[in-house]
Amino acid sequence: MRLRTEGIVLRTIPFGEADLIISYLTRDFGLLKTFAKSPRKTKSRFGSSLEPLTYSRIAFWGKENASFPKLTQSDIIHPFQSIRDSLHCFLKVLEIVELTLHFIPEREENKEVYSLLLRTLYGIEENCDNNMILLHYKIKLLKYAGYAPRLDACGRCGKNGYSFYVSQGSVLCDTCAEGSESTRTEMISPIRLTQGAVKLYSVLLTWDSSKIKKVKPSEVIVTDLSDIVEIHIKHILAKLLKSQEFIHSLSQSL
């Protein structure tokens with residue numbers, strides 16, 4: 001069966017001497033791994049279309065449940081070459097690519113995440129230093145994957161509260177926190193939220209990428225919210241991202 005779609009290259013893994021396993025985030029099939037025959041040879045018909053972040057029209061062939069359908073065509077729509085050419089920008093994108101691979105299940109259509117990633121890459125290409133673009137992606141990805149933290153009110157009773165408990169993934173009011181055995185025996189001290197961080201979170205959770213340029217919070221608020229999101233993600237994954245480890249080791253060597 002031959003199928004066609006559009007996709008963004010997230011990761012490539014060498015297979016044998018000249019073959020590749022390519023992970024795409026696709027418009028119609030969600031996260032999809034394909035097998036490409038001999039793309040690492042000099043005269044490969046795939047050219048540069050299998051480079052990370054490349055946005056292409058692709059065709060693949062295989063049985064419905066094949067683990068790695070064979071990639072038969074890849075035509076570049078947009079290469080996002082400028083992101084790959086800048087180490088600073090590429091390292092930022094590596095993090096959200098890794099998060100996407102962690103949170104999105106294979107072979108489940110998710111047009112919302114696909115469109116989100118595509119718009120985010122265009123935004124980063126336009127302004128790599130706008131940290132709001134990356135923060136927006138992380139928050140919306142968590143929302144679409146069902147892991148978004150609750151910061152607007154107590155996750156148990158709905159009352160106002162500004163103490164975020166990482167192990168609960170939610171704000172808890174003082175009454176619910178005091179009445180919970182887990183808060184006393186299992187949870188670390190809560191993170192105190194600011195009103196600015198909560199308001200910014202609400203905006204990023206509901207607005208689409210086209211409106212992000214209109215949001216101009218202070219760096220302090222962006223940093224506060226970013227720290228909360230990072231802590232929340234680390235708790236869910238129970239490990240540090242490989243991209244973060246690489247960035248840290250790179251900074252230590254400079």
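Points to keep in mind about this one:
- Filter result for the condition that a residue is at negative phi, buried (at least 16 other Cβ atoms within 10 Å of the Cβ) and not assigned by TED's automatic domain parsing to the domain that holds L250, over A18, A36: A36
- Counting only helices (runs of 4 or more DSSP H) that fall entirely inside segment 131-235 and contain at least 1 residues that are closer than 27 Å to E245 by Cβ, the qualifying elements are 131-145, 195-206.
- Matching entry among A66, A59 (being assigned to a strand (DSSP E or B) and out of contact with any Gly (no Cβ under 8 Å at 6 or more places or on another chain)): A59
- For the condition closer than 25 Å to L135 by Cα, within 22 Å of the chain's Cα centre (by Cα) and surrounded by 14 or more Cβ atoms within 10 Å (Cβ to Cβ), F90 qualifies.
- In segment 2-15, residue surrounded by the most Cβ atoms within 10 Å (Cβ to Cβ) [restricted to those that are farther than 19 Å from N65 by Cα and out of contact with any helix residue (DSSP H, G or I) (no Cβ under 9 Å at 6 or more places or on another chain)]: V9
- Looking only at segment 228-249, and only at residues there that are closer than 24 Å to Q168 by Cβ and free of Cβ contacts under 8 Å to residues at least 24 places away in the same chain, the one that is surrounded by the most Cβ atoms within 10 Å (Cβ to Cβ): E230
- Contacts under 8 angstrom Cβ, first residue in segment 124-147 being touching a residue at least 12 places away in the same chain (Cβ under 8 Å) and farther than 16 Å from L94 by Cα, partner crowded, with 16+ Cβ neighbours inside 10 Å and among the basic types (K, R), 6 or more apart: none
Results for (1) farther than 25 Å from N130 by Cα; (2) in contact with a helix residue (DSSP H, G or I) (Cβ under 8 Å, 6 or more places away or on another chain); (3) modelled with pLDDT of 95 or more, shown as yes or no for each residue.
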position: Y162; (1), (2), (3): yes, yes, no
position: D208; (1), (2), (3): no, yes, no
position: K213; (1), (2), (3): no, no, no
position: I228; (1), (2), (3): no, yes, yes
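- Check on I22, touching a helix residue (DSSP H, G or I) at 6+ places or on another chain (Cβ under 8 Å), within 18 Å of R84 (Cα to Cα) and in a strand (DSSP E or B): no
The values are calculated or read from the model by the stated rules, or taken from the named source; none is laboratory data. Only a predicted model underlies this, so the values are computations on that prediction, with no experimental measurement involved. No Cβ is skipped: glycine too gets one built from the backbone with ideal geometry, and neighbour counts run over all protein chains shown.
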